[in-house]
């Protein structure tokens, strides 16, 4: 209790006369009687409503710390049977925090709490067990109290708690707005003969029912939205609770809002059971939605991405059905007059000419919904090859030899890069790189001319082989088997010799044109080791030491 004490007040008048007066202190509002948990106000009977002024309420040292304790007041209630309970502070003129506890003062266990529910006031739902004393602490979340409105009552079951009172879904899509389909199913129950959906992870603890009668044949997709708990949807046909046939089932975990789609017949009533197999709480609020199934999502890709007329092109369907029934068939139109219908996700097709083709894929679901996707596939065929590889038959250290790689191109003009390499122990080293424009000519070739100076290392080995690699710079060679060749061995001896130390045909040097293409290895097993070395190891000099032609 706050004591009121008189106090002396002196007033200095205008003329300096001091007058002493005894004045009573201002009257302050007392703290509410249920300011402390030991004096919690008993709630009886239900429904219970109380209005209290909490502006002078205080926070006790032992108040729980699960939320703010400013201006806290306490209520208590002990159910005489198990019941779903609703408590709220709607109508209060300040920002409230509401928490529910069991236990004893100083050793409380939190049951439920809420700060802001659709505004600054609070609301909780929980299951009250018979004989258990519950404490309700209401405090200020904004720092000051005010006029509190506290309501506590037993929640009735929702109107569609039982199968016989299933809520009718008048049309699809349903609902027109989210609030139309919102259901507070917290206090729902399970009837004694109520079925448990096949996909349910456990026996049902509570459920609500809906009924839908389509006017046309087709499919319908059902979903649960904003369901904070784990729930299950079951769809049935039949006229009574003990004679239902399940036609669809889906478990919902956490925030999953996927579709449960079933094929429906006009005039048949389908019963939708929304249930919770894990706890008594089906969810304070959730939305059952019904819609026409969306179309499938149809996409595809193909390999290789730069096909030629020599390639078998693999087309892969990347389709899925968001309604969950699945894709039944894929219809392919390859754009060249050929088509294919497949039940697998990929097909193979080869084109006969270089051209741009519009390829269209149509995916059809189990219930007949379709979607299409089209892409342009560009077919381009490039082919160059080494037709001549001229090297001297022999040389001496210090001599410079002319080496010629002749490239044929019979399709489309290309820029071709030729790399020349020389053999060294256990591999090859670069000699030079040359890029040239190679026109498309049926009976002519383009020569790539390189120069090579024989080294003491060549003489020590007694010979050197040359490797040539040809690449199309802006495309893929459709037939690469003739793009790599190895020359016949060139005999190398020590010491300089020959006219001007230069070896070429103009100087009468003996040239050899024998070589082996990679594609001819089966005919030349003696060259396999050289090709293997060329593949495994190339010794790279610094970029400055590579001759650029």
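Yes or no, residue by residue, for (1) at pLDDT below 90; (2) under 60 Å from the mean Cα position of the chain (by Cα); (3) under 23 Å from residue 396 (Cα atoms):
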| site | (1), (2), (3) |
| --- | --- |
| 436 | no, yes, no |
| 445 | no, yes, no |
| 454 | no, no, yes |
| 458 | no, yes, yes |
| 481 | yes, yes, no |
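Conditions tested, residue by residue: (1) assigned to a strand (DSSP E or B); (2) crowded, with 22+ Cβ neighbours inside 10 Å; (3) in contact with a strand residue (DSSP E or B) (Cβ under 8 Å, 6 or more places away or on another chain); (4) in contact (Cβ under 8 Å) with a residue 12 or more places away in the chain.
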| site | (1), (2), (3), (4) |
| --- | --- |
| 446 | yes, no, yes, yes |
| 451 | yes, no, yes, yes |
| 457 | no, no, yes, yes |
| 468 | yes, yes, yes, yes |
| 475 | no, no, yes, yes |
| 481 | no, no, yes, yes |
| 486 | yes, yes, yes, yes |
Exercise. Could you run through the stretch 193-239 and say how many residues are under 13 Å from residue 169 (Cα atoms) and in a loop (DSSP other than H, G, I, E, B)?
Key: 3
Quiz item: Quick one: how many residues across the stretch 124-139 are touching a helix residue (DSSP H, G or I) at 6+ places or on another chain (Cβ under 8 Å) and surrounded by fewer than 17 Cβ atoms within 10 Å (Cβ to Cβ)?
Solution: 0
Quiz item: For the stretch 406-425, which residues satisfy the criterion of being in a strand (DSSP E or B) and touching a helix residue (DSSP H, G or I) at 6+ places or on another chain (Cβ under 8 Å)?
Solution: 421, 422, 423, 424
Quiz item: Which of the residues spanning the stretch 431-482 are in contact with a helix residue (DSSP H, G or I) (Cβ under 7 Å, 6 or more places away or on another chain) and either outside the structural domain of residue 405 (by TED's automatic domain parsing) or over 16 Å from residue 414 (Cβ atoms) (or both)?
Solution: 464, 465, 467, 481
Quiz item: Any idea which of 236, 210 is more than 17 Å from residue 251 (Cβ to Cβ) and over 31 Å from the mean Cα position of the chain (by Cα)?
Solution: 210
Quiz item: Does residue 121 satisfy the condition of being surrounded by fewer than 14 Cβ atoms within 10 Å (Cβ to Cβ), in contact with a strand residue (DSSP E or B) (Cβ under 8 Å, 6 or more places away or on another chain), modelled with pLDDT of 90 or more and in the same structural domain as residue 86 (by TED's automatic domain parsing)?
Solution: no
Quiz item: Taking the stretch 45-92, which residues are over 26 Å from residue 161 (Cα atoms) and free of Cβ contacts under 8 Å to residues at least 12 places away in the same chain?
Solution: 61, 65
Quiz prompt | Residue selected from the stretch 138-153 under the condition under 43 Å from the mean Cα position of the chain (by Cα) and in a strand (DSSP E or B), by the criterion nearest to residue 124 (Cα to Cα) | solution = 138
Quiz item: Which of the following residues is surrounded by fewer than 17 Cβ atoms within 10 Å (Cβ to Cβ) and at pLDDT 80 or above: 228, 195, 214, 170?
Solution: 170
Quiz item: Quick one: how many residues across the stretch 342-359 are farther than 25 Å from residue 412 by Cβ and at pLDDT 95 or above?
Solution: 2
Quiz item: Going by the conditions given, is residue 428 modelled with pLDDT under 95, outside the structural domain of residue 324 (by TED's automatic domain parsing) and not in a loop (DSSP other than H, G, I, E, B)?
Solution: yes
Quiz item: How many residues are modelled with pLDDT under 85 and either surrounded by 15 or more Cβ atoms within 10 Å (Cβ to Cβ) or in contact with a strand residue (DSSP E or B) (Cβ under 6 Å, 6 or more places away or on another chain) (or both) if we restrict to the stretch 259-286?
Solution: 10
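The values are calculated or read from the model by the stated rules, or taken from the named source; none is laboratory data. Just so it is clear, the model here is predicted, and its values are computed rather than measured. Don't worry about glycine lacking a Cβ; one is built from the backbone with ideal geometry, like all the others, and counts go over all protein chains shown.
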